[in-house]
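Sharing a structure, written as structure tokens. Questions coming.
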Amino acid sequence: ASKVFSEIRSRWVVKPVHYNVLLAGLRSAGRFKEFDSLLQQMLEEKTFPDQQTSLTVMQAAVEKDPSFKNLKRTYDNLTEAGVGCSVRTMNLMLFYALRTGEDGDAAWVARELRRVHDEPPETCAFNSLLTRYARRGSVEAVEGMISSLERIGVVPTPATWNILLTAMLAAKRYHDLVEVFLSIQKKDLAMNSISYTLFFHALGRGEGNHRGWSTRPWLEILRQKHVVMSFELYTSLIGLYAKKENLPAAEDVLETMINNGFIPRISTFTPMLRAYSRKQDSAGIERIL
């Protein structure tokens, strides 16, 4: 990449995009000394960095030392050099301020973001990082990050909450998932089909029939809440009704699913077949098949 970059410099005007590609390559390779040298050369040559440069520089700072002190120093250096920090760059900085700094540090980044870009912090910027925690099964880490975001005035979106619900489902914390889902609803957030799919999975796998979940007319409730139905949502609702042996409701959902153009798979109605088998109801099995 360095050889190609030199060739470009000898023939054409070098633009920030060319620097950004090489900076990103040096960062990925962990060659931070050369990274710093190239960045300094960029500034000296008056090749005015763009906002992608700021993101690459902040990512390199995170990989070298993710402490808030180092990120704040990087931000100050970029600002003094006239490099505008993008919303994405500042959200990355905010994420690590929440992880490695104090709430006051994160609050400062949030205020700076609003001052520079006239925008609140975006939870979507954290979702990919929160997803990594969820995949590692670290429910507590996801919960802690969301709580920290709320403390500095960031309102998590349904997509952010879904990451936590997914982590709880994977950890088999069904009761906790249900309680979190209900607490989210109290915040007047419009939960989407993914949220309800996770909710129904938790109810179906949890023990008992607390609060009569499996007897509620969920199709009508979802319609009233304007939730867009998906294959996965129908399947999870059928699973809930079947596992709790509310088979008339499960059949109604299956029929609605087919009438709305969704083609069920074997896995969709397998819970119903198992339930009818437990009841030794051959007529029910034949009806489903």
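The values are calculated or read from the model by the stated rules, or taken from the named source; none is laboratory data. From a predicted model like this one, the values you see are computed outputs, not experimental measurements. Every residue, glycine among them, receives a Cβ derived from its backbone with ideal geometry; neighbour counts consider all protein chains shown.
Going through P121, P156 one at a time, which residue ends up being under 12 Å from F95 (Cα atoms) and modelled with pLDDT under 90?
Step by step, each of P121, P156 is checked, and only P121 is under 12 Å from F95 (Cα atoms) and modelled with pLDDT under 90.
Step by step: first the residues of segment 243-289, then only those that are under 19 Å from G212 (Cα atoms) and of a type in the set (K, R), then the one that is surrounded by the most Cβ atoms within 10 Å (Cβ to Cβ). Which residue is that?
So the residue we want is K244.
Here is a further query. Of everything in segment 266-282 that's basic (K, R) and in a helix (DSSP H, G or I), which residue is farthest from A242 (Cα to Cα)?
It comes out as R278.
Take Y96 and decide whether it is buried (at least 21 other Cβ atoms within 10 Å of the Cβ) and modelled with pLDDT of 90 or more.
Criteria not met by Y96.
So if I check each of I263, I258, I221, I285, which one is within 30 Å of the chain's Cα centre (by Cα), in a helix (DSSP H, G or I) and not charged (D, E, K, R)?
I221
If you go through segment 248-259 one residue at a time, how many are under 13 Å from K279 (Cβ atoms) and out of contact with any helix residue (DSSP H, G or I) (no Cβ under 6 Å at 6 or more places or on another chain)? Steps first, please.
Pass one, segment 248-259, residues under 13 Å from K279 (Cβ atoms): 248, 250.
Checking the rest, the ones that are also out of contact with any helix residue (DSSP H, G or I) (no Cβ under 6 Å at 6 or more places or on another chain) come to 248.
Going through segment 248-259 one residue at a time, the tally reaches 1.
Condition first: farther than 21 Å from S2 by Cβ, under 26 Å from the mean Cα position of the chain (by Cα) and among the acidic types (D, E). Now tell me which residues in segment 31-81 satisfy that.
D65
Output the residue which, of all residues in segment 19-70 that are in a loop (DSSP other than H, G, I, E, B) and among the acidic types (D, E), is surrounded by the fewest Cβ atoms within 10 Å (Cβ to Cβ).
E45
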